[in-house]
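Take a look at the structure below.
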Amino acid sequence: MKKLKLSSLLIILVILAFSLTSCGGKKDVKTDTKTDTKTQTTDKKEGDKKKKEFKKSDAPKKELKSDVPSDWTELVSKDGKFTFNAPSNWTISSDTETKFTAVSEDKTMGTTFVIFSNDQITSDELLGLALADFDFEPDGEAFAYGEGNMEGYITAARGKIDGTDMMMYVMSAVENGGKGNYILYIFTPTANFEKNNATMEKILYSAKLK
């Protein structure tokens with residue numbers, strides 16, 4: 001991912017980063033800290049995880065469109081395929097080969113992006129695993145989308161992280177005819193959701209696959 005600028009970060013982002021190291025049962029992933037290594041070895045394997053159930057919308061596939069401000073930064077995954085945009089003044093808490101996490105300047109919003117290693121998983125299975133990783137409950141139906149050679153599902157979800165009531169948008173993204181599989185989370189405390197929703201949706205709908 002392209003670097004933004006570095007500063008002190010919310011404890012919630014640290015929790016998110018550690019939780020997501022196990023998503024998908026990544027193979028041969030090197031970790032940077034002892035905490036990450038412990039998480040890798042003690043969490044259940046992918047086949048043992050129970051996917052979170054969610055209701056799919058009957059609406060036609062949605063097209064992703066976002067009026068991205070000109071001063072935002074385009075972020076590109078380390079495999080060079082998945083891109084999305086975020087405000088340029090957001091700060092980074094994690095930027096590895098498989099995971100990227102950043103937080104807004106006012107510390108009320110964040111985004112976490114994960115490259116998923118299992119190229120056999122479907123987009124709905126991937127969303128179910130993404131929700132289960134935090135034990136968040138879907139807030140409404142999940143809708144299908146299509147964007148170029150990428151397709152998947154998006155849903156809002158609600159749950160608690162370290163005692164804080166949180167809202168998330170969760171996106172699963174699968175490369176048609178390829179091996180790319182991705183998860184994008186955009187989150188905020190529930191108390192800030194109404195205020196931050198427009199920015200969160202701009203980030204979410206800016207996602208593309210090259």
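The values are calculated or read from the model by the stated rules, or taken from the named source; none is laboratory data. These numbers were taken from a predicted model, which means no experiment stands behind them. Cβ placement follows ideal geometry from the backbone for every residue including glycine, while neighbour counts extend to all protein chains displayed.
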*Taking the condition modelled with pLDDT under 85, among the polar types (S, T, N, Q) and either part of a loop (DSSP other than H, G, I, E, B) or within 16 Å of Tyr182 (Cβ to Cβ) (or both), does Thr37 pass?*
no
*Among the residues of region 119-141, write down those that are at pLDDT below 85 and exposed (fewer than 15 other Cβ atoms within 10 Å of the Cβ).*
Asp119, Gln120, Asp135
*Report whether or not Lys27 is under 27 Å from Lys179 (Cα atoms), among the charged types (D, E, K, R) and either at pLDDT 85 or above or assigned to a loop (DSSP other than H, G, I, E, B) (or both).*
yes
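Residues are listed down the side, and each one gets a yes or a no for (1) crowded, with 17+ Cβ neighbours inside 10 Å; (2) in a strand (DSSP E or B):
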{"position": "Ala86", "(1), (2)": "yes, yes"}
{"position": "Asn89", "(1), (2)": "no, no"}
{"position": "Ile92", "(1), (2)": "yes, yes"}
{"position": "Phe100", "(1), (2)": "yes, yes"}
{"position": "Glu105", "(1), (2)": "no, no"}
{"position": "Ser117", "(1), (2)": "yes, no"}
*asked:* So, Asp71, is that one within 19 Å of Met168 (Cβ to Cβ), over 14 Å from the mean Cα position of the chain (by Cα) and without any contact (Cβ under 8 Å) to a residue 40 or more places away in the chain or not?
replied: no
